[in-house]
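Data first, discussion second: the structure below is written as structure tokens.
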Amino acid sequence: MFYAIVGIPLGLVMFQSIGERLNKFSSVVIRKVKQLLNCQDVQASEINLIFVVTFLSSLTITGGAAAFSRYEGWSYFDSVYYCFITLTTIGFGDMVALQKDNALDNKPEYVIFALIFILFGLAIVAASLNLLVLRFVTMNTEDERRDEAEALQEMGP
């Protein structure tokens with residue numbers, strides 16, 4: 001129980017930190033691409049970041065699904081389901097990788113791939129979810145401010 005009390009918050013902080021770094025890296029890449037395309041506004045907007053990180057998340061899930069489909073013998077749809085459930089940390093446990101043909105002992109390259117995929121995939125999906133949550137929070141805050149300003153205007157001087 002002690003490990004869970006310490007480990008879960010540390011894990012959350014770690015993935016939050018990795019997600020923030022990934023978002024900063026994505027914004028630098030977006031700015032460079034906009035400069036190369038001679039865009040007037042070279043700043044990376046929230047929408048640009050959400051698009052890029054969501055694209056990376058989708059690419060991670062679909063790419064991982066292709067690999068797990070091949071190694072595990074699952075259908076592609078089942079592999080997409082497994083990747084989504086794993087990387088969003090829902091983890092029902094109905095599908096578990098590395099269980100077929102004693103893969104932990106017989107396929108070390110597959111074990112390494114699975115570990116790296118899960119760690120990087122968690123970071124990418126966490127970054128994507130972090131951006132979406134921040135966007136919804138700022139939207140709600142903007143809506144509240146607008147409603148408050150409208151209410152003050154209706155009250156008059």
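Read-outs throughout are calculated quantities, based only on the coordinates presented, and are distinct from any laboratory measurement. Every value quoted in this text rests on a predicted model; they were computed, and no experiment measured them. Counting neighbours? That spans all protein chains shown, and the Cβs are built from the backbone with ideal geometry, glycine included.
Overall, the range 2-155 carries a charge dipole of about 720 debye about its Cα centre when +1 sits on the Cβ of Lys and Arg and -1 on the Cβ of Asp and Glu, all other atoms neutral. Helices meeting the span-like rule in the chain (full DSSP H runs, Cα extent of at least 30 Å along the helix axis, mean Kyte-Doolittle score of -1.0 or higher): 2-36, 46-72, 108-155.
Cross-link partners for LYS32 among the lysines, with Cα-Cα distance under 18 Å and sequence neighbours closer than 8 places in the same chain left out: LYS24. Relative to the current alpha-carbon distance between LEU152 and LEU37, full extension at 0.36 nm per residue lengthens the span by 37.0 nm.
Of all aspartates and glutamates in the structure, those lying under 14 Å Cα to Cα from LYS100, and not within fewer than 8 positions of it along the same chain, are GLU72. Geometric descriptor of the range 32-72, per residue, is 65 Å³ (volume of the convex hull of the Cα atoms). Considering only ALA149, LEU12, GLY73, and ranking their Cα positions along the charge dipole of the chain that arises from unit charges at the beta-carbon of Lys, Arg, Asp and Glu, the one farthest toward the positive end is GLY73. Please give the Cα centre distance for the range 106-157 versus the range 42-84, rounded to the nearest Å. The range 106-157 and the range 42-84 have Cα centres spaced 17 Å from each other.
Where a Cα-Cα gap under 22 Å defines reach, which lysines qualify for LYS107, not counting those fewer than 8 residues away within the same chain? Counting by Cα, and skipping residues close in sequence, LYS107 has no lysines nearby. The sum of -39500 (n - 2.57) across all DSSP H runs of n ≥ 4, divided by the residue count of the chain, sets its helix-only mean residue ellipticity at 222 nm to -28500 deg cm²/dmol.
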